[in-house]
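The values are calculated or read from the model by the stated rules, or taken from the named source; none is laboratory data. Owing to the predicted nature of the structure, the values given are computational and were not obtained by experimental measurement. FYI the Cβ positions are ideal-geometry reconstructions off the backbone, even for glycines, and counts take in every protein chain you see. Surface accessibility is based on the protein's heavy atoms, side chains included, excluding ligands, DNA and RNA. Shrake-Rupley method; radii C 1.70, N 1.55, O 1.52, S 1.80 Å.
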Amino acid sequence: MKRAKIVETDDINKNGEDEKHPNFIIPKLCSWMYDLKWATGTGGGMSVKHGDFIYMAPSGVQKEMIKSGEIFKCNSSGEVLEDAAGLKLTECAPLFMNAYLIRNAGAVLHSHSKDAVLASLVFKGKEFRISHQEMLKGIKKGSTNEPHKYIDTLIVPIVENVLYEKDLTRRMKKAIELYPESNAVLVRRHGVYIWGKNWQQAKTQAECYHYLFKLAVKLKQLGIEPDQTPAGEYGIAD
């Protein structure tokens, strides 16, 4: 006999609804992103996979004020099954689907943070690169889900921005395929897409990526290349 899923009492609200469901998690994460200034001016977005379904925030709304009844439910191909009356599905939807379909992601977020934008500008080519930083350990390698080591070089592909966000889909797909170790794609002068195997990992990695974006920009200002091997440092060692 198949056992019913057990849900902890603390995760049930007074209306009997599961507060671990994406309908509740996504508004909380969008508010968190707003507080960090990653989703100001209705920018940014969030999506979480739950079972066979994918849930996405609406577009063009105050991200810190989204309610549980305003989340779109999609199938595994990204087709809308349940919409939010009077609201529009996020413009990020086809880009979120890249991470779901190519990398089997469990959650994807889109940030408009200044740190991500500045990082995309100070690294002029196709890659953001940083090495020998402790916070690298908080970011997984896409192909193995193993954490980066302190001595590894983290590489994030950078794609050029376009006029309409949905038109970034092909560029993001190409970047994901060319950089299988990366769980993020920077969009020049725009922001960043970050994903993980679940919303907890996506959130944790987003915090680490943004820390490293900000640090790399500061290092560049100081004339230090973020991916250079340490030299001339003489602290206490064995």
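Here's a check for you: in segment 79-94, which residue that is among the hydrophobic types (A, V, I, L, M, F, W, C) and under 13 Å from Gly44 (Cα atoms) is surrounded by the fewest Cβ atoms within 10 Å (Cβ to Cβ)?
Leu89
Search segment 149-163 for residues being free of Cβ contacts under 8 Å to residues at least 24 places away in the same chain and under 28 Å from Cys92 (Cβ atoms), and hand back the single one that is surrounded by the most Cβ atoms within 10 Å (Cβ to Cβ).
Val162
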**Prompt:** Can you pull out the residues in segment 126-148 that are loosely packed, with under 15 Cβ neighbours inside 10 Å and of a type in the set (S, T, N, Q)?
**Reply:** Ser143, Thr144, Asn145
**Request:** Working only within segment 164-196, note down all residues that are in contact with a Lys or Arg (Cβ under 9 Å, 6 or more places away or on another chain), among the charged types (D, E, K, R) and buried (at least 19 other Cβ atoms within 10 Å of the Cβ).
**Result:** none
**Request:** Would you point out which residue out of Val122, Val117, Val108 is in contact (Cβ under 8 Å) with a residue 24 or more places away in the chain, surrounded by fewer than 19 Cβ atoms within 10 Å (Cβ to Cβ) and hydrophobic (A, V, I, L, M, F, W, C)?
**Result:** Val122
**Among the residues listed as Ile54, Ile25, Ile102, the single one being in a strand (DSSP E or B) and either farther than 22 Å from Arg188 by Cα or modelled with pLDDT of 95 or more (or both)** = Ile54
**Request:** Restricting attention to segment 69-78, report how many residues are assigned to a strand (DSSP E or B) and open to solvent by less than 20 Å² (accessible area, probe 1.4 Å).
**Result:** 2
**Filter result for Asp10 (more than 22 Å from Val185 (Cα to Cα), loosely packed, with under 14 Cβ neighbours inside 10 Å and modelled with pLDDT of 95 or more)** = no
**Prompt:** So Leu222 fits all but one of (1) over 20 Å from the mean Cα position of the chain (by Cα); (2) under 29 Å from Tyr100 (Cβ atoms); (3) of a type in the set (A, V, I, L, M); what number is the exception?
**Reply:** (2)
**Message:** Could you check segment 118-133 and list, in sequence order, the residues that are of a type in the set (S, T, N, Q) and either touching a Lys or Arg at 6+ places or on another chain (Cβ under 7 Å) or not in a loop (DSSP other than H, G, I, E, B) (or both)?
**Reply:** Ser120, Ser131
**Message:** Pairs needed: first member in segment 206-218, of a type in the set (Phe, Trp, Tyr); second member anywhere, not in a helix (DSSP H, G or I); C-beta distance under 6 Å; at least 6 residues apart or different chains.
**Reply:** Tyr209/Ala184; Tyr209/Ile194
